[in-house]
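Novice: Following this message is one structure expressed as C-alpha cells.
Rule-based calculations on the coordinates, nothing more; no lab input. Quantities reported herein were computed from a predicted structural model and do not represent experimental measurements. Cβ coordinates were reconstructed from backbone atoms using ideal geometry, including for glycine residues, and neighbour counts include every protein chain displayed.
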Amino acid sequence: MKASERKVLTRIKKIINKSKSFFLAGHEKPDGDTIGAALAFGHFLARMRKKKVDIYSRHPLPKNLEFLSGILPGIKVASFTDKNYDTAIILECSNFGRMGNIIKPSQVKNIINIDHHTINNPFGTLNYINPRASSSCELVYQCLKFLGARINQDIAMALYTGLVTDTGKFQQENTTAECLRIVAELIDGGLDTARVSQKIFQQQSLGSLHLLGNVLKTLQLHYHGQVATLELPERFYQITGAAEENTEGIINYGLLIPTVELVLFFRDTERQNIVKVSLRSRTRFDVSQLVKPYDGGGHRHAAGCSVAGTIAEVKQKFLQEIAGYFRRKKC
C-alpha cells in the first residue's frame with residue numbers, strides 16, 4: 001500500500017471512529033458495484049453499533065440484485081431525506097449530485113468520496129479515488145481491512161457482487177491481480193461464488209431475452225468493422241415488456257465480433273429527446289475522453305453519458321467524432 005493511500009485511509013478511520021450517524025449512497029440507477037459497496041460498508045458500520053446507519057438509493061434495486069436486500073441495514077429507496085448525519089459516504093459518483101440529490105452537503109459534517117472512475121470531481125472532505133482499482137468494492141474492501149473488519153458472509157457476498165459485475169465476470173481489462181486476490185480471500189472465507197453468480201447472471205425473464213433479440217437486430221458495423229452500434233428505441237420496451245434494468249450487459253455482445261474495437265449503445269430514456277449513450281472498448285480507445293464534453297463519466301474502456309437529441313441524431317454525432325479520432329490516429 002502506498003503512503004498516500006495509507007494516509008487517506010488513516011483519516012477515514014479517524015472520521016469513522018468519531019462519527020455516530022452515517023448516510024451512504026451510490027449513483028442513480030444502481031448497479032452491482034454501487035449496491036455491493038454500500039451494503040458492505042453499511043453492514044460493517046451497523047456491526048460497529050453506530051447509532052444511525054442509513055443506506056439510500058434514488059431508484060430500486062434491479063431484480064437480479066434483489067437477493068442482496070436482506071443484508072442489514074438494508075436500502076431505503078427515496079428521492080430525498082431531511083435527516084442530518086455526521087458523515088456521508090458517497091460511492092461511485094463523479095460528483096455529489098450523481099446519487100440523485102437525496103441529501104444536501106449542508107446536512108452532513110463530513111463527506112467521504114470513494115470512487116474508481118477516471119472522471120471524478122473530488123467533492124469530499126476526504127477523497128479515496130483510485131482509477132487503477134477494478135471496482136468501488138475493491139476500494140471498500142481495502143477500507144474495511146484497514147479498519148480491522150471481519151469479513152463475514154454478508155459483507156463477502158456484497159463485495160463479490162461488485163467485483164464480478166464491474167469486471168464483466170473477470171473478463172475485462174480492469175480485472176486486476178488485487179481484485180483476484182480479494183476474491184480468493186472471500187472464497188477462503190467460505191463464500192459460495194457459484195451461487196452468487198447464478199443469482200446475478202442467470203435470472204433472465206422472457207421479456208429481457210426478447211429485448212436482447214430486438215436490440216441485436218439493430219447492430220451495425222462501421223469503419224471497416226472496427227466500430228459497432230446498437231440501438232434501443234422506447235418501443236422495444238413496450239413490445240417486449242422489459243425494463244431498463246434488463247439492458248445490463250447487452251453492449252458487450254458487440255465486442256464478441258473479433259474486429260470490433262469500440263461499441264456504442266444508444267437508448268431512449270424516460271426524458272423526451274434525451275439519449276443514453278454507453279461505450280465499451282478494447283485497448284485502442286479511451287472512451288472516457290469521448291464522453292467528457294457531455295459531462296459523462298467512466299473509465300478508459302467503459303463510459304457513458306446522456307445527450308440531447310434523437311437516437312439517429314446522437315448516433316450520427318458520435319460517429320462523426322470517432323471519424324476525427326481515426327484521422328488523428330491514422331487508422
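Novice: Based on DSSP, what percent of beta bridges with both residues in region 201-279 are antiparallel, to the nearest 5?
Specialist: Counting DSSP beta bridges with both partners in region 201-279, the antiparallel share is about 55 percent.
Novice: So what's the net charge close to Met99: Lys and Arg +1, Asp and Glu -1, counting the other residues with Cβ under 11 Å from its Cβ?
Specialist: Once all neighbours under 11 Å are counted, the net charge is +1.
Novice: Give the aspartates and glutamates whose C-alpha is closer than 12 Å to that of Lys14, dropping any in the same chain fewer than 8 places away, or say none.
Specialist: none
Novice: Still on this structure: Would you mind counting up the charge near Ser281? Only other residues with Cβ under 10 Å from its Cβ, with Lys and Arg at +1 and Asp and Glu at -1.
Specialist: Once all neighbours under 10 Å are counted, the net charge is +1.
Novice: Where nothing but the Cβ of Lys and Arg (+1) and of Asp and Glu (-1) is charged, how large is the charge dipole of region 1-96 around its Cα centre, in debye to the nearest 20?
Specialist: Charge dipole of region 1-96: 700 debye, to the nearest 20.
Novice: Same structure again: Take peptides 310-318, 37-45 and line them up by average Cβ neighbours within 10 Å, highest first, as a rough protection proxy.
Specialist: Sorting 310-318, 37-45 by mean packing, highest first, produces 37-45, 310-318.
Novice: At q = 0.29, 0.30 Å⁻¹, what log₁₀ I(q)/I(0) does a Debye calculation on the Cα points of region 208-261 give, no solvent, two decimals?
Specialist: Log10 I(q)/I(0), no solvent term: -1.12, -1.17.
Novice: Provide Cys137, Cys93 in ascending order of the number of other Cβ atoms located within 10 Å of each residue's Cβ, fewest first.
Specialist: Starting with the residue having the fewest Cβ neighbours, the order is Cys93, Cys137.
Novice: Per residue of region 214-223, what does 6.51 cos²θ - 1.76 cosθ + 1.60 with θ = phi - 60° give for ³J(HN,Hα)? Whole Hz please, x for Gly and Pro, Karplus curve as stated.
Specialist: Listing the rounded values in order: 5, 5, 5, 5, 8, 4, 10, 10, 9, 6 Hz.
Novice: Please label the shape of region 176-307 as rounded, prolate or oblate, based on the square roots a ≥ b ≥ c of the eigenvalues of the alpha-carbon gyration tensor (a/c under 1.5 means rounded; beyond that, a/b larger than b/c means prolate, else oblate).
Specialist: Because a/c hits 1.5 or more and a/b fails to exceed b/c, region 176-307 counts as oblate.
Novice: I need the peptides 199-211, 160-172, 219-231 ranked by packing, meaning the mean over residues of other C-beta atoms within 10 angstrom, with the highest value on top.
Specialist: The packing order, highest mean first, is 160-172, 219-231, 199-211.
Novice: Sticking with this structure for a sec: Among the DSSP beta bridges whose two residues both lie in the chain, what percent are antiparallel, rounded to the nearest 5?
Specialist: Close to 40 percent.
Novice: To check my understanding: the extent here is largest minus smallest coordinate of the Cα atoms along each principal axis. What are those three numbers for the chain, in Å, largest first?
Specialist: Rounded to whole Å, the extents work out to 57, 43, 41 Å.
Novice: Counting only helical runs of four or more DSSP H residues, what would the 222 nm mean residue ellipticity of the chain come to if each run contributes -39,500 (n - 2.57) and the total is spread over all its residues?
Specialist: Computed mean residue ellipticity for the chain: -11500 deg cm²/dmol.
Novice: Between Thr125 and Arg49, what is 0.36 nm times their sequence separation minus the Cα-Cα distance? Round to one decimal in nm.
Specialist: 25.0 nm
Novice: Still on this model: Would you work out the charge dipole size for the chain about its Cα centre, treating the Cβ of every Lys and Arg as +1 and the Cβ of every Asp and Glu as -1, and quote it to the nearest 20 debye?
Specialist: With only Lys, Arg, Asp and Glu charged at Cβ, the dipole is about 1100 debye.
Novice: Can you flag which of Lys63/Lys292; Lys13/Lys63; Lys169/Lys317; Lys145/Lys169; Lys104/Lys199; Lys2/Lys145 are past 27 Å Cα-Cα?
Specialist: Lys63/Lys292; Lys13/Lys63; Lys169/Lys317; Lys104/Lys199
Novice: Can you tell me the orientation of helix 136-146 relative to the chain, as the angle in degrees between its alpha-carbon axis and the longest Cα principal axis, to the nearest 10?
Specialist: Long axis of 136-146 versus the principal axis of the chain: about 20 degrees.
Novice: Same structure again: Among Gly97, Asn110, Pro30, which residue has its Cα positioned farthest towards the positive end of the charge dipole of the chain, with +1 placed on the Cβ of Lys and Arg, -1 on the Cβ of Asp and Glu, and the dipole taken about the Cα centre?
Specialist: In the chain, that residue is Asn110.
Novice: A further question on this structure: Rounded, prolate or oblate for region 131-189? Axes are the square roots of the Cα gyration tensor eigenvalues, ordered a ≥ b ≥ c, and the cut-off for rounded is a/c under 1.5.
Specialist: Prolate, because a/c is 1.5 or more and a/b exceeds b/c.
Novice: In addition: HN-Hα J couplings of region 299-306 from phi, Karplus 6.51/-1.76/1.60, θ = phi - 60°, integer Hz, Gly and Pro as x?
Specialist: Ordered by residue, 3J(HN,Hα) equals 10, 4, 10, 8, 8, x, 6, 10 Hz.
Novice: A further question follows. Sort 3-14, 144-155 by the packing proxy (mean of other Cβ within 10 Å over each peptide's residues), most packed first.
Specialist: 144-155, 3-14
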